[in-house]
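*Asks:* Handing you this structure, nothing more for now.
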Amino acid sequence: MTPTDTPENTLNFPTSAAPTSDSLDSDSPTSAAPDGPPVMLALHQTALGGPEVLRLTELPRPVPGPGEILVAVHAAGLNPTDFKHRALTIFLPPPPLTLGWDVSGTVVETGIGVTLFRPGDEVFGMLPYPYGAGSHAEYVTGPTRAFAAKPAGIDHVQAAALPLAALTAWQALVETADLRAGQRVLIHAAAGGVGHLAVQLAKERGAQVTGTASAPKHDFLRKLGADVCVDHRSEDFADTDERYDVVLDALGGQTATRSVGVLRPGGVLVSLLPGAEDTRAAAEKAQVRAVFLLVEHDRSGMRAIAELVDRGRLRAHVSATFPLAEGARAHIQGETGRTTGKLVITVR
C-alpha cells in the first residue's frame with residue numbers, strides 16, 4: 001500500500017516550513033539562514049492530540065555532545081509508541097517535542113571522545129527509550145553505543161524498520177525468556193512490527209512457533225516460518241491442550257492474564273504492555289514467570305540483529321513508506337492497527 005491508497009489522501013495537514021527537494025530528497029545538509037546556525041526540518045508538535053498536531057517545522061540542527069554522533073537521517077521507523085506519545089503524556093515531558101526512536105542514516109559529525117564511528121559511516125539504531133526521541137527529522141543526535149554499522153545488504157528503509165521492534169523481540173525472547181531449540185512459543189499479534197520479527201528470531205533459535213493474527217495474514221506468517229497460525233477473530237488461543245514454554249504478548253490486558261493458562265509450569269510470559277491487575281496473581285498460582293518488558297537501547301543487541309540480517313535470517317517487512325512531509329498520514333495509517341510489519345518515514 002502506498003500513502004495515496006488511504007482514504008485520508010485528500011486531507012491537508014499544516015506545515016510550518018515547506019519542504020524542498022534539497023532538504024528531503026538529497027544527502028546535502030539543510031542550509032542555514034545567512035550568518036545563522038544550521039537548521040533542519042522535523043516532524044514536530046507543540047500540543048498533544050491527533051495526527052493533525054504534527055507539523056513540518058524548521059528547527060535548529062542538533063550538535064553532538066560528548067560520546068554522541070550527529071546522524072543525517074535517511075529513514076526512520078514508526079512504532080505504536082509514537083502514536084501514543086503523540087496523543088498522551090506517558091514518559092516524555094509535554095510538548096514541544098519531536099518523536100521517533102528508530103533511525104538509519106549517515107554519520108555527519110562526532111562528539112568528543114567518540115571512537116567507534118567517523119563521518120561517512122552508515123549506521124542504524126534505536127535512540128535511548130523513552131527519553132531519546134527525535135529521529136523524525138533530517139538530523140538527530142544520539143549516544144554512539146545506541147548505534148551499530150548498517151548491514152550492507154539492506155537499504156536505509158529496511159534498516160530503519162528494525163531497531164526498536166527487533167530489539168524488543170530480541171530482549172524478550174533471547175535475553176528474558178532464554179528461548180531454546182525445541183521449546184514452544186506463542187506470539188500474539190505475530191504479523192505486527194514486533195511480532196513478525198519475533199517469529200523469525202524464534203525460528204532461528206530452533207523453537208516451535210504459534211502465532212495469532214487475522215486469517216488473511218496467515219500465509220505471511222507461514223512464509224516467515226510459523227508452524228501454527230491462530231485466527232484471533234474466530235478462534236480462542238486459550239482453547240487448546242497445547243502448553244507453551246514462552247508467550248510473547250504485545251496486546252496486554254486480559255490477553256496477558258489468559259496467556260498464563262497456556263504456559264507450562266516454569267514457563268515465561270513476556271508482556272510488552274501492562275497486563276490486567278490479576279495477571280501476576282494468576283502467574284504465581286500457575287507457577288510461571290510473568291514480566292513486563294520496556295525495550296532498552298543496546299549496541300550488542302543491534303550488532304546481533306545486524307549479524308542475523310547479514311546471514312539472511314532476519315528481515316523487516318515494510319508495508320508502506322511516507323516522506324517526512326506526510327508523517328501525519330503515516331500516523332493515521334498506523335493507528336488503524338492493521339499494518340503488517342512496519343511503516344517507515346523516508347527523509348533522504
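The values are calculated or read from the model by the stated rules, or taken from the named source; none is laboratory data. It should be emphasised that the depicted structure is a prediction, and the values quoted were computed from it without experimental measurement. All Cβ positions, glycine included, derive from the backbone under ideal geometry; neighbour counts span all protein chains shown. The area values use the complete protein model at the heavy-atom level, side chains included, leaving out ligands, DNA and RNA. Shrake-Rupley method; radii C 1.70, N 1.55, O 1.52, S 1.80 Å.
*Asks:* Picking from D298, D278, which residue would you name as being modelled with pLDDT under 95, open to solvent by 10 Å² or more (accessible area, probe 1.4 Å) and over 27 Å from G50 (Cα atoms)?
*Replies:* Exactly one of D298, D278 is modelled with pLDDT under 95, open to solvent by 10 Å² or more (accessible area, probe 1.4 Å) and over 27 Å from G50 (Cα atoms), namely D278.
*Asks:* If you don't mind, there's one more thing I want to ask. Could we say that D249 is open to solvent by less than 30 Å² (accessible area, probe 1.4 Å), in contact with a Lys or Arg (Cβ under 6 Å, 6 or more places away or on another chain) and in contact (Cβ under 8 Å) with a residue 24 or more places away in the chain here?
*Replies:* It is false that D249 is open to solvent by less than 30 Å² (accessible area, probe 1.4 Å), in contact with a Lys or Arg (Cβ under 6 Å, 6 or more places away or on another chain) and in contact (Cβ under 8 Å) with a residue 24 or more places away in the chain.
*Asks:* Please state which of the following conditions G120 fails to meet, knowing it meets all the rest: (1) in contact with a strand residue (DSSP E or B) (Cβ under 9 Å, 6 or more places away or on another chain); (2) closer than 16 Å to A304 by Cα; (3) part of a loop (DSSP other than H, G, I, E, B).
*Replies:* Going through the list (1) in contact with a strand residue (DSSP E or B) (Cβ under 9 Å, 6 or more places away or on another chain); (2) closer than 16 Å to A304 by Cα; (3) part of a loop (DSSP other than H, G, I, E, B), G120 breaks only (2).
*Asks:* Then there is this: Can you name the residue in segment 201-242 that is within 17 Å of R313 (Cβ to Cβ) and crowded, with 21+ Cβ neighbours inside 10 Å and, of all such residues, is farthest from the chain's Cα centre (by Cα)?
*Replies:* In this case the residue turns out to be A207.
*Asks:* Next question. Which one of these does V108 not meet: (1) part of a strand (DSSP E or B); (2) buried (at least 24 other Cβ atoms within 10 Å of the Cβ)?
*Replies:* Result: V108 passes all but (2).
*Asks:* Also: Suppose we keep only residues that are assigned to a strand (DSSP E or B) and touching a Lys or Arg at 6+ places or on another chain (Cβ under 8 Å) within segment 208-227. Which one would you say is nearest to H188 (Cα to Cα)?
*Replies:* T210
*Asks:* OK, next. Hey, can you tell me all the residues within segment 66-96 that are touching a strand residue (DSSP E or B) at 6+ places or on another chain (Cβ under 7 Å) and either of a type in the set (K, R) or more than 15 Å from I345 (Cβ to Cβ) (or both)?
*Replies:* Selection gives G67, E68, I69, L70, R86, P95, P96.
*Asks:* OK, next. Scan segment 176-207 residue by residue and report those that are part of a helix (DSSP H, G or I) and in contact (Cβ under 8 Å) with a residue 60 or more places away in the chain.
*Replies:* Answer for segment 176-207, where residues must be part of a helix (DSSP H, G or I) and in contact (Cβ under 8 Å) with a residue 60 or more places away in the chain: T176, G193, V194, H196, L197, Q200, L201, E204.
*Asks:* Separate question: Could you check segment 281-295 and list, in sequence order, the residues that are part of a helix (DSSP H, G or I) and open to solvent by 80 Å² or more (accessible area, probe 1.4 Å)?
*Replies:* Selection gives E284, K285.
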